[in-house]
Ligand SMILES: Cc1cc2nc3c(=O)[nH]c(=O)nc-3n(C[C@H](O)[C@H](O)[C@H](O)COP(=O)(O)OP(=O)(O)OC[C@H]3O[C@@H](n4cnc5c(N)ncnc54)[C@H](O)[C@@H]3O)c2cc1C
């Protein structure tokens, strides 16, 4: 009934010449089951923020951050961006981020996700923070000593993020003149949901409503340290091994010194961050598709059926050719969108459309390729622990987060019609 194929295929065949960095060391070995590599304790997790310092090697449970992937040596720095004042270097642009995410995704999705989430959470501080905020918070992120999260979504506001209702109520107790917003402070009250790296993060980029009834224009971004009184969280257990949770803000105090960018202009902080990261979500998808494709090439070249190899059946070979062609198209579109961002800047015309197109095409393609790869592997791909069983679970979420595919189409159409 079963053949003797390994449960996890560690030989993904030869890499296409354009694939970046297969030589760069993944945090978890190629083809290894990431859950097994970082620990398989799936017991129930306590609410709130665990003390990572006391148990750095603790095996992650559902929704938990894989500590080995973010601790020193995990290399969060490149996803965050260069130190201010530093000469721009390789490993800091949108294209570099895509190349890193693609190569990590090919080798280990959990390592990829750890890198990407650190970048998503920290980028608003890098791009919009004050010198004091950057100096206090970015070095520990770059060094892998601090975990960070991007908190936009709420139970009642996902795709329609501008409808967010987490409220910043003025309390008039700011820390004095000389700050960017005068002396006013706020109390944050409400919930965030589906926040990657919550509740373990050391600080959060939180988007809150400072002006009621004004939609996207009345949102402010705040940097909120996790130890602020009134901030609690719980982990969520998802289909894929993704560190994620929900947060409750019960009158959490923030001051002018915690504002990222300008008061009531926080939606722009969120959107420019997403424009930078969306092509790289596409790169994550391309890396997964490439891994599935290479596994399929290796398997169909060896598997005997009907007196020959599977690859000698034309319907099989044509399916693999289609998978390869679509993956290459997605890869090129991701590179083009990221290059345009690097060349023209976040606010240039067409950047949002290109980012949306790249994410849409690459994530939808990865779903198709991984599903086709499962089909061409037969039953073994569905055995728990198989590379494709893992990718089948991993490939689904990117079609929903950072804007569902339908939202990407809306962004594209909006630009097309001017
Ligand atoms: C693994 C994972 C990680 C995440 N990490 C983060 C994070 O770090 N930070 C954060 O803030 N959020 C995060 N999210 C939340 C994510 O951004 C939201 O799930 C996403 O924006 C969709 O919101 P929703 O789930 O509430 O779906 P809804 O808004 O309820 O939409 C449901 C569905 O309706 C359809 N739909 C919605 N709008 C339209 C439209 N305009 N036109 C046509 N169809 C539409 C789509 O099919 C959509 O999937 C994460 C989600 C997941 C799954």
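Each residue in segment 108-161 was checked for being within 16 Å of the ligand (Cβ to nearest atom) and without any contact (Cβ under 8 Å) to a residue 12 or more places away in the chain, and 3 of them qualify.
For the criterion of being farther than 30 Å from residue 226 by Cα, buried (at least 22 other Cβ atoms within 10 Å of the Cβ) and in the same structural domain as residue 368 (by TED's automatic domain parsing), residue 285 passes.
If the condition is being under 11 Å from residue 276 (Cα atoms) and either assigned by TED's automatic domain parsing to the domain that holds residue 92 or surrounded by fewer than 20 Cβ atoms within 10 Å (Cβ to Cβ) (or both), then segment 319-355 contributes 339, 342, 345, 346, 347. Scanning segment 377-418 for residues that are under 30 Å from residue 309 (Cα atoms), surrounded by fewer than 22 Cβ atoms within 10 Å (Cβ to Cβ) and away from the ligand (no atom under 12 Å from the Cβ) yields 378, 379, 380, 382, 383, 384, 385, 389, 392.
Please go through segment 192-221 and give me each residue that is crowded, with 24+ Cβ neighbours inside 10 Å and under 18 Å from residue 138 (Cβ atoms), ordered by number. Hits for segment 192-221 are 197, 201, 203, 204, 205, 206, 221. Scanning segment 239-274 for residues that are within 15 Å of the chain's Cα centre (by Cα), buried (at least 22 other Cβ atoms within 10 Å of the Cβ) and farther than 13 Å from residue 205 by Cβ yields a count of 5. Pairs meeting the criteria (first residue in segment 398-414 and on the phi > 0 side of the Ramachandran plot, second residue more than 6 Å from the ligand (Cβ to nearest atom) and in a helix (DSSP H, G or I), beta carbons under 6 Å, at least 6 apart or on different chains) are 402/274; 402/278; 402/281. Can you find a residue that is over 17 Å from residue 153 (Cβ atoms) and in contact with a strand residue (DSSP E or B) (Cβ under 6 Å, 6 or more places away or on another chain) anywhere in segment 237-251? Yes; the residues of segment 237-251 include at least one that is over 17 Å from residue 153 (Cβ atoms) and in contact with a strand residue (DSSP E or B) (Cβ under 6 Å, 6 or more places away or on another chain).
The values are calculated or read from the model by the stated rules, or taken from the named source; none is laboratory data. Here the structure is a predicted model, which is why all the values come from computation and not from measurement. When we count neighbours, we look across all protein chains shown, and the Cβ atoms used for this are built from the backbone with ideal geometry, even at glycine.
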